[in-house]
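Rule-based calculations on the coordinates, nothing more; no lab input. The model shown is predicted, which means the values in this text are computed figures rather than measured ones. All Cβ positions, even for glycine, are placed from backbone atoms using ideal geometry, and neighbour counts span all protein chains on display.
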Amino acid sequence: MIDTLEINGLRYRIEFPPADPAKPWCLFLHGFFGTSADFYHITPHITDLVNPLLIDLPGHGETDTPDDPARSDTNKLVKDLAEIIETVTGQPVFLVGYSMGGRLALHFATQRPEMLKALILESTGPGLSDEIQRSERREIDQQRAEAIRSDLNRFIEEWNKMPLFKADTNQRIIKETEHHLQMIQKQQDPEGPAKSLQGFGAGVMPPVSKSDLKKINVPVLLLAGEKDEKYVSVQQKMAEGLKNVEVKIIPGAAHRVHIDAADSYVAELRTFLENRISGKSDRL
């Protein structure tokens, strides 16, 4: 089912298969320049366990792009997610977030823990706490926003060549996936991703503090690709501040674990969900 919800003046595109009232829900949040379609190859493998719920974040896919980037303030997006969850599911959910979507998921977990069953974060960190780094990142994101508006196709080519995305897995599958990704990216309205960087880019979104991490009482699964050394380190350090966490490093994968090593991603996700749903492991 594909539908739109007007949430606090913003139209969100949402998508989910026929829901089974006996199953819990699992909400997926994509990364920058992505859409709900990023997870189309994942969700069919978990529908026996959960009702997957996919959304396009503001400025991406078919969800509205706010005129004012400040509408994508982190607290406003957390409020939007809470209303979406309440409207669609009426119950706590499993929340999966990748990269940018993972940062938003992490903030949601600190502010609305009662609405979560568990948290799954892929290639995600708590954000930049150093103000100099935050200022530098805002400048970089402003330059990226201008590059997107100037020449979308060129930006996409350069973006996908970043070392962050260089995996060491099945090259045929990676090439097919990269083609699929670029098709999704090229369908975007350039103004959407550009404004999203200005509204909730890494230099704008506030960091999650160590004290905030301690507020997260639900089970947490952290996934990182072996080739993405930066986020392997970031997530291992973040895990030290979480009460109930498991870290999984996926061989051969880079930043896009759900694409670089989809089979391993699904296996880890299924095991985590099964253990939470069955009650076999209340603590990891």
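Distance cut-off 19 Å, Cα to Cα: go down the list LYS215/LYS237; LYS161/LYS248; LYS117/LYS215; LYS79/LYS243 and report the pairs above it. Going by Cα-Cα distance, LYS161/LYS248; LYS79/LYS243 fall outside the 19 Å limit.
GNM remark for the chain: springs join alpha carbons under 10 Å apart, and the peak mean-square fluctuation among VAL96, VAL88, VAL257 falls on VAL88.
With an a/c value of 1.5 or above and a/b not larger than b/c for the gyration tensor axes a ≥ b ≥ c computed over the alpha-carbon atoms, region 2-57 is described as oblate.
With 0.36 nm allotted per residue and the present C-alpha distance subtracted, the HIS41-ALA22 stretch has 4.5 nm of extension available. A simple spin-label model places pseudo-atoms 7 Å from Cα toward Cβ; at LYS237 and LYS214 they are separated by 1.9 nm.
Find the centroid of the Cα atoms in region 223-284 and in region 19-59, then give the distance between the two in whole Å. Result: 17 Å between the Cα centres. Towards the positive end of the charge dipole of the chain, with charges on Cβ (+1 Lys, Arg; -1 Asp, Glu), say which of SER72, GLY203, ILE7 has the farthest Cα. Of the listed residues, the answer is GLY203.
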